[in-house]
Amino acid sequence: MKLASLKEGGRDGALVVVSRDLTHAIKVPSIAPTMQAALDAWRTAHGELASVFRLLNDDRLCRCGEERAFALDVRQLAAPLPRAYQWCDGSAYLHHIELVRKARGAEMPPSFYTDPLMYQGGSDGFLGPCDDVPAIDEAHGIDFEAEVAVVTDDVPMATDRDRAAGHIRLLMLVNDVSLRNLIPGELAKGFGFFQAKPASSFSPVAVTPDELGAAWDGGKVNLPLISQLNGQRFGSPNAGVDMNFDFPALIAHAARTRTLGAGTVVGSGTVSNRDPQAGSSCIAERRMIETIESGKPATPFMKFGDRVRIEMLDAAGNSIFGAIDQKIVKYTGAV
């Protein structure tokens, strides 16, 4: 099943069921007005939404109550969850962290191999898949980060990894926008990211795990995550390869001392493979590789007008989540 949120009806958008080929959608207010409402009532809403999904795939002119299906323009979509109660982003690909530390001559602490890194990002307003990414200053080091994320139902505190797998309800793609040149100063304070992590962006649709077929093994998505920068391939690492902590492990880590409310979003961190032919899922990683190989980075961070595209295709070449396709623009509001 594929679900999305239209940019209407308030900050939380209007929930729609989307056809498998991403061409049509239908509102379902009689089942759940918003994505969050559907997640809050998932036990009952899931079956009804799945019935509409089957009907929509069979009949592009189907109805749900008073609502009729319509041709979908992804530019009408907000993030699947336009805002969420929690956004917890991990760093599950240790190859990425190893490169960061190697580029500055630092060793990996042993605990990094057993205890995931995770930070809690801002979740009060996510960007839609085709929204411009506003930035104040190119000197901040504007970067994209291509990731996969899961959305949970209610997860009790102290849930272990085995039980955590049963709390995954939806999957999405992420562009976790980062301002790289602000990160060192923030981390030096010893209190984590804040200004270096503006609003993240998510794919047009969120999908239930069954939509991934054999590519979903219960904890990882075994497909390449494709990133393009200004129309040129940047990387296509496989999200199921070199993932040291799978999603159940990340959820269990997040829930160690707190409950996670329905609608919690848990990110994988930058997808990264050890195979150099896979490319990278962020500019910072490419710059780290360049520094290790030649002593200095060569690839610049993003400028105003640059465009990033993030997508995942199934074995037949069909887009699963739709594409995140965004342009970097100068912020012109109040400063």
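List of remarks:
- Rounded to whole Hz, the Karplus (6.51, -1.76, 1.60) HN-Hα couplings of segment 208-224, x for glycine and proline: 6, x, 5, 5, 8, x, 5, 6, 9, 9, x, x, 9, 9, 8, 8, x
- If the chain linking Asp210 and Phe194 were pulled fully straight, counting 0.36 nm for each residue of separation and taking away their Cα-Cα distance, it would gain 2.3 nm.
- Whole-angstrom gap from segment 36-90 to segment 191-245, using each part's C-alpha centre: 21 Å
- Hz values of 3J(HN,Hα) by residue in segment 109-114 - Karplus curve (6.51, -1.76, 1.60), Gly and Pro given as x: x, x, 5, 4, 7, 10
- Computed from label points 7 Å out along Cα-Cβ, the spacing between Asn230 and Arg63 is 5.2 nm.
- Take the Cβ atoms of Lys7 and Ser294, set R0 to 41 Å, and the FRET efficiency comes out at 0.35.
- Under the Karplus curve 6.51 cos²θ - 1.76 cosθ + 1.60, θ = phi - 60°, whole-Hz ³J(HN,Hα) for segment 163-175, x wherever Gly or Pro sits: 6, 4, 4, x, 9, 7, 10, 9, 10, 9, 9, 9, 10
- Cα gyration tensor shape for segment 188-335, rounded if a/c is under 1.5, else prolate or oblate: rounded
- Accessible surface of the chain [probe 1.4 Å, protein heavy atoms]: carbon and sulfur percent: 51 percent
- Full extension of the chain between Ala41 and Lys102 yields a length gain of 17.3 nm, computed as 0.36 nm times the residue separation minus the alpha carbon distance.
- Heavy-atom accessible surface of the chain, averaged per residue, reaches 44 Å², computed with a 1.4 Å probe.
- Proximal lysines to Lys102, defined as alpha-carbon separation beneath 28 angstrom and excluding residues fewer than eight positions away on the same chain: Lys189, Lys197, Lys220, Lys296, Lys303
- Per-residue extension of 0.36 nm, minus the Cα-Cα distance of Leu55 and Gln277, leaves a gain of 75.8 nm for this segment.
- Approximate spin-label separation Glu186-Ile136, in nm, with each point projected 7 Å along Cα-to-Cβ: 1.2 nm
- Loop sites in segment 1-37: trypsin sites (Lys or Arg not before Pro), DSSP, at most 11 other Cβ within 10 Å: Arg11
- Model label zone, Arg256; criterion: amide N under 19 Å from point 7 Å along Cα-to-beta-carbon; scope segment 69-87: 87
- All Cα-Cα distances of segment 214-293, cut into 5 Å bins from zero to the largest, leave 3, 14, 21, 20, 16, 12, 9, 4, 1 percent in each bin in turn.
- Modelled spin labels at Gln120 and Lys327, positioned 7 Å past Cα toward Cβ, are 3.7 nm from each other.
- Restriction of the trypsin sites (Lys or Arg not before Pro) in segment 233-328 to DSSP coil positions whose beta-carbon has at most 15 other beta-carbons within 10 angstrom yields Arg256, Arg258, Arg274, Lys303.
- When exposed loop sites are taken as GluC sites (Glu not before Pro) in a DSSP loop with at most 11 other Cβ atoms within 10 Å, the longest stretch of the chain clear of them is 108-335.
- When the trypsin sites (Lys or Arg not before Pro) in segment 164-220 are filtered for DSSP coil states and for at most 10 other beta-carbon atoms within 10 Å of their beta-carbon, the remaining sites are Lys189.
- For the chain, the residue among Cys88, His140, Ser200 whose Cα projects farthest onto the positive side of the dipole built from Cβ charges is His140.
- Residues within the reach of a label modelled at Asp73 (point 7 angstrom out along Cα to beta-carbon, backbone nitrogen below 19 Å), restricted to segment 180-224, are 204-205.
The values are calculated or read from the model by the stated rules, or taken from the named source; none is laboratory data. The structure presented is a predicted model; accordingly, all values stated were derived computationally and were not measured. Cβ coordinates were reconstructed from backbone atoms using ideal geometry, including for glycine residues, and neighbour counts include every protein chain displayed. What goes into the accessible areas is simple: the full protein's heavy atoms, side chains included, and nothing from ligands, DNA or RNA. Shrake-Rupley method; radii C 1.70, N 1.55, O 1.52, S 1.80 Å.
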